[in-house]
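The values are calculated or read from the model by the stated rules, or taken from the named source; none is laboratory data. For clarity, every value in this text was computed on a predicted model and none was experimentally measured. Ligands, DNA and RNA are stripped out before the accessible areas are found, and what is left, the full protein with its side chains, is counted by its heavy atoms. Shrake-Rupley method; radii C 1.70, N 1.55, O 1.52, S 1.80 Å.
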Amino acid sequence: RLAREGVKLPAALETELEARRRQAQANLRRALDGPRYQRLLDDHRALRGALVNLAGGMAETTIGRVAPEHVAPALAGLIKRGNRLTPLAPAAKLHRFRIRAKHLRYLVEFVAPASSTPLAPVIAGLTTVQDALGDLQDATVATAELQRHLRAARARPRVRAGLRRLLELEARAA
């Protein structure tokens, strides 16, 4: 978003964020190469094999038949949680809600092709919620980072003024 606004980050902040990105990428590579992820893959293969064996006895069961019993309660639960949110809800609570909406969207996208009910409006609504709350989360994280850098900055007044401007932009986005 800042790039769209034509805002350039201070070099020290850009350097730190790039170092964090590289570290996160290295952590991800280690995790994907690690034993925990390998166990997950093994479990997935075993489950897939078990489902293939089980499918012989479930010839009449289809995703289209079982999807409503999973989608409808999940959607009702999400709506109930959403109705309890207020404009002053903590960012962490909104972020958890966004993750729930994302998981439900994935479920609905998976079952939509087999459903007799048109689910495109549900997917579109969940996507809108997820995108809006994602923008809010991005602004919240960016604001916290910029505030931290501003407090730590023993920088020139021009750099501090730039950080304050970035904070204003993020506060408006949030």
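Quick notes on this structure:
- Accessible area (Å², per residue) of segment 61-154, counting only protein heavy atoms and a probe of 1.4 Å: 64
- Under 21 Å from the Cα of K93 - lysines, other chains or at least 8 residues apart: K80, K102
- For segment 127-136, backbone phi angles converted through the Karplus equation (6.51, -1.76, 1.60; θ = phi - 60°) give residue-by-residue couplings of 5, 4, 4, 4, 5, 5, 6, x, 4, 5 Hz, Gly and Pro being listed as x.
- Estimated vicinal HN-Hα couplings, Hz - segment 33-41 in sequence order (Karplus 6.51, -1.76, 1.60; Gly, Pro = x): 8, x, x, 5, 5, 4, 4, 4, 4
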